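Below is one structure. I have some questions about it.
The numbers here are math on the coordinates, done by the rules we state, and not lab data. These numbers were taken from a predicted model, which means no experiment stands behind them. In this analysis, Cβ positions are derived from the backbone assuming ideal geometry, glycine residues included, and neighbour counts consider all displayed protein chains.
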Amino acid sequence: MELLGVMLAILGAAMAAGWAGAGSAIGVGIAGESGAGVMTEDPGKFGLVLLLQALPGTQGIYGLLIAFFAILKVGLLGGEPIAVTAYQGLGIFFACLPIAIGGYFSAIAQGKTSAASIQMIAKRPEETGKAVILPAMVETYAVLSLLMSIILLNGIKL
Amino acid sequence: MAVEGIKKAELYVHKSNLEEVLGALQRTASFEVAASGADQSIEGVVQAHPELPRVEGLLAEARFLLRFLEPHFQDKVSPVARALGEKEEISLEEGEALEKSLDIAAISDGARSLERRLVEIRSELAQIATTEALLSHLPDFSYPFELITSGTERVRGIIGTMPASKMPSWRRDMETVLSGMGEIYASTPGEKEQEGWVAVFYDESISDRVMECMTAHSFSKVDVPSALKGTTEEEAKILSERKTFLAGEEERILREIADLAEKRVLAIRTLSDYWTVLRDRYQALLSGTSTEQVVVLRGWIPESGVKRLTKALSPFGTSVELFLFNPSPDDSPPSLLVNAPWSLPFENLTKLYGAPKYGEIDPTPLLAPFFFVFFGMCLGDAGYGVITVGLFMWFMRKYGRMPSAFKGFFQLFVLSGISTIIVGALTGSWFGDLVDAFSFLSFLRPAKNAMLILNPMENPMDFLAISLALGVVQLFCGLLIAFYDALRKRNYMGAFADTGGWIVLLVGLLLWGGVASGFLSDGVALTAKILSFAGAGVLVATQGREKEGIFGKAVSGLLSLYGVTSYLGDVLSYSRLLALGLATSAVGVIINMLAGLAGDLPYIGWAIALLLIVGGHVFSLAVNVLGAFVHSLRLQYVEFFSKFYSGGGTLFSPLTYKTAFVSIKNDSVE
């Protein structure tokens, strides 16, 4: 049964990194399309556009973070291998779900908001502050998912 | 703190002194011209300054020249450096002298003729390229093109393309039609080519039948440029000679433009700024009204600027009269933010959200300490803090004369970096766990551990509690400010019912929660309950006061209690302080771990490890600084400002020198 526990933990890690990363990729892609459009008119906005495009990228990092935490916990990254029961492994798997789900969907939503914000700075570059805050509103929920995953992982005693 | 008082001003200037007075206004930068039309109490007409059209014309010429010459100009000062304040200083007198010394019209005439010549050359080159493309289809065409372009007395010729598959049948039919009265040219299309080129030369008398035959075989005629006379070979030679000549000509003109740019761009830039200053000055008049002898300008003057302006206007004696009024409630004066040096760097954050309305609270000093702490917690790594501080200090040293808006942002990042160092040291995060991960750095461990008081990686719940507690503190601050603001405006219902009710209810609930979870003794329980019910009672009683009927009032009052969830949401939102701080350290730990793993590889392991450490931490720093900035800012804008601040004002923007390339010396005043 030990092996099943480890495998479940790996499944969790894979879901966290995979889904959150996929969401970020889609989100950054959406924002990038919009940014490329704006830059055909005004290449000088590259800096601002890049900043806004980068915003939906954080979910991927959060997912990676949880994935590392999960495999660290079961001792896959050097150190002594730890005995993990199937239930503990299942627990780790569940603990990875918040950032996998929250990360995936919030990154896409944030990408759309970023794209809209990019359109906004195309017309009103002086309103950059507001344009950056709108996508950050979406990211809140990715941060909350990250937090819950961290707390859950931290709570599972091996 | 707060927004400075602004006076409404009416300035009466006798026309004889108009120019000098406007100059003085611009120099002191303490008079904002209000848009016209707001007040029509004074009879008169809007009159443009006679110089305005001339200056605008010159400015248009300068813009044309800069647009034309700048791409050919090697600038010694990079645009970034110039934006950061590396500008030459000139005085307006120098600008005037420069204007006299330079015949801008002649320069731009010269530039225009160069531009025209360049366009001509380029369009001819494009034409040649088209002709060459045509000739490339007909390498073995040995008839003179003259036969096609003009023909002879009796002979006509046409050339064009037709589908390759039709060419054999066309040749047969055409030979019959011509029956010796003409000649045929047909290219040999390659296997993959769909079309072939054909030409026919025929006696004028049979032209109808020739055309009929051509049309029957899907021929499409190609018009040959009329300049073509000889055979392909001859023409190709002529074209290539012409091309060489034109290329040389183009190079010569480009060199000429580069020379012109080298010689003139700096002067034109200076002049462009000088004329912009003059234009702004004259445009101010468009907002004034004038009578036969006097011009009246209306605008705003901050209280601190009044003395400076009166002093600057004193030399004009009685030909100038300045009247000051207090703004009436109907006016919407601009806001001028005045902040102490410690909170000045944070002013940009307020401006990003939107300036306060005149007479409202300036939130800058109120958000400054919170932003400082929050940024530190979100970034939370002393190593990253050191780099941030170092980088921005270096920039500030290098560009000492940067404009105040930039300076504010740089100072903001230096302060934020300092806060990050403090938080990082207290939580024991130096580039993640770099000190613990690599044994050769073990000598630093005691120093690191001496400063460590809480490791969020091991005790995330404690750090979460701190984050939420800070959230509670900030929210209460926000409510207290709203309370004070309502009192200040004598809105007692707003102060005691709206804000006061919530403060009492929330304090009660917090105490109640404290008792329930065992942190507070049971003795507090009664106080907690009383406060909660009193607060809730006030809210239920007052929040429906705008509704009709007792039932509507009661329902609205009760429903208002639902707002407690938004306060709960606000507090929980501060959990991002833990999450982001933890994320920074954790990403750092992962980078170090990967580097450690790579370091075990034979031979090149150390190089990969070094690359991972440097590259990884630079990446992590960039991502996390962005995240820390955005999220600390969001906590101010969304959670904090929503309690008491709405922005919506306009910033005071006086008539002053707005320049792009040089800065104007201000030596004649103060």
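Could you state the orientation-averaged shadow area of the convex hull built on the Cα atoms of the protein assembly as shown, in nm² to one decimal?
Numbers: hull surface 232.5 nm².
Taking the Cα atoms of the protein assembly as shown, their convex hull projects to 58.1 nm² on average.
To the nearest whole number, what is the average tally of beta carbon atoms from other chains within 10 Å of the beta carbons of peptide B:570-582?
Working: counts 0, 0, 3, 3, 0, 7, 8, 1, 5, 13, 5, 0, 6.
Taking all residues of B:570-582 together, the mean is 4.
Calculated from DSSP H runs of 4 or more alone, at -39500 (n - 2.57) each and per residue, what is the 222 nm mean residue ellipticity of chain B, nearest 500?
Numbers: 24 runs with 389 residues, N = 670.
It lands at -19500 deg cm²/dmol.
Could you give the nm distance between label points at B:V564 and B:R401, where each point is 7 Å from its Cα heading toward the beta carbon?
Roughly 6.2 nm, to one decimal.
Ok, one more. Chymotrypsin sites (Phe, Trp or Tyr not before Pro), restricted to the stretch B:497-589: which are DSSP loop and have at most 10 other Cβ atoms within 10 Å? Walk me through the intermediate numbers first.
Numbers: sites: B:W502, B:W512, B:F519, B:F533, B:F551, B:Y562, B:Y567, B:Y574; in loops: B:F519, B:Y574.
Answer in residue order: B:F519.
Within the stretch A:3-154, how many Lys pairs that are eight or more residues apart, or on different chains, come under 26 Å at the alpha-carbon? List each step's numbers first, then the result.
Details: A:K45/A:K112; A:K45/A:K123; A:K45/A:K130; A:K112/A:K123; A:K112/A:K130.
Final tally of qualifying lysine pairs is 5.
Which is the longest run of chain B containing none of the trypsin sites (Lys or Arg not before Pro) found in DSSP loop states (not H, G, I, E, B) with at most 12 other C-beta atoms within 10 Å?
Values: sites that count: B:K76, B:R154, B:K192, B:R401, B:K489, B:R490, B:R545.
Segment B:193-400 is the longest.
Let me ask you something else. When B:V515, B:V3, A:V49 are ordered from fewest to most other Cβ atoms inside 10 Å of their Cβ, what list results? Numbers along the way, then the final one.
Working: B:V515 19, B:V3 22, A:V49 25.
Least crowded to most crowded, the residues run B:V515, B:V3, A:V49.
For the stretch B:532-585, what is the Kirkwood hydrodynamic radius in Å, using each pair of distinct C-alpha atoms? Spell out each step's value before the answer.
Numbers: mean 1/r = 0.0762 Å⁻¹.
So the Kirkwood estimate lands at 13.1 Å.
Which value, in Å³ per residue, describes the convex hull spanned by the Cα atoms of the stretch A:1-67? The partial results should precede the final answer.
On the way: hull volume 3.5 nm³, N = 67.
So the per-residue hull volume is 52 Å³.
Let me ask something else about it. From the P(r) of chain A, can you give the percent of Cα pairs sitting at distances over 19 Å? All intermediate terms of the calculation are to be shown ahead of the outcome.
Numbers: 6763 of 12403 pairs.
For chain A, the share of Cα pairs beyond 19 Å comes to 55 percent.
Along the charge dipole of the stretch B:85-132, pointing to its positive end and built from +1/-1 on Cβ of Lys, Arg, Asp and Glu, which listed residue (B:A105, B:I90, B:L118) has its Cα farthest out?
Checking the options against the dipole of the stretch B:85-132, the answer is B:L118.
Continuing with the same structure: Work through the residues other than B:F316 whose Cβ is under 14 Å from its Cβ and net out their charges, Lys, Arg +1 and Asp, Glu -1. Kindly include the intermediate steps, with their values, before the conclusion.
On the way: positive: B:K15, B:R27, B:K311; negative: B:E19, B:E20, B:E321.
Residues near B:F316 contribute 0 overall.
Can you pull the Rg over Rh of the stretch B:143-230, Cα-only, Kirkwood? Display every interim value, and only then the final one.
Values: Rg = 12.6 Å, Rh = 13.2 Å.
Over the Cα atoms of the stretch B:143-230, Rg/Rh equals 0.95.
Here's something else I'd like to know. Going through the DSSP H helices of chain B, which span 18 Å or more along their own axis at the Cα atoms while scoring at least 0.0 as a mean Kyte-Doolittle hydropathy?
Values: long enough: B:52-69 (25 Å, 0.76); B:104-136 (47 Å, 0.24); B:232-286 (69 Å, -0.41); B:364-379 (22 Å, 1.97); B:382-398 (24 Å, 0.91); B:404-427 (34 Å, 1.49); B:460-488 (42 Å, 1.53); B:501-516 (22 Å, 2.16); B:523-542 (30 Å, 1.65); B:576-599 (34 Å, 1.67); B:605-634 (42 Å, 1.57).
Those that clear 18 Å and a mean of 0.0 are B:52-69, B:104-136, B:364-379, B:382-398, B:404-427, B:460-488, B:501-516, B:523-542, B:576-599, B:605-634.
Ok, one more. Using Cα positions and a limit of under 24 Å, work out the lysines in reach of B:K192, with same-chain residues fewer than 8 apart set aside.
The reachable lysines, counting only those whose Cα sits under 24 Å from B:K192, are B:K166, B:K221.
Taking the Cα centre of each part, how many Å lie between the stretch A:15-36 and the stretch B:313-327?
One Cα centre to the other: 61 Å.
Going by how many other beta carbons lie within 10 Å of each one, how would you line up B:S319, A:S117, fewest first?
Working: B:S319 18, A:S117 28.
Going from sparsest to densest Cβ surroundings: B:S319, A:S117.
If we count every other residue with Cβ under 15 angstrom of A:E80's Cβ, Lys/Arg +1 and Asp/Glu -1, where does the sum land? Don't jump to the answer; show the numbers that get you there.
Details: positive: A:K73; negative: A:E2.
Once all neighbours under 15 Å are counted, the net charge is 0.
Quick check: Cα centre of the stretch B:484-555 to Cα centre of the stretch B:372-405, how many Å?
42 Å
Where a Cα-Cα gap under 18 Å defines reach, which aspartates and glutamates qualify for B:K237, not counting those fewer than 8 residues away within the same chain?
Filter leaves B:E124, B:E132, B:D140, B:E146.
Moving on. Would you order B:Y484, B:Y637 from fewest to most other beta-carbon atoms within 10 Å of each residue's own beta-carbon? Can you show the working numbers first?
Values: B:Y484 14, B:Y637 24.
Taking fewest neighbouring Cβ atoms as first place, the list is B:Y484, B:Y637.
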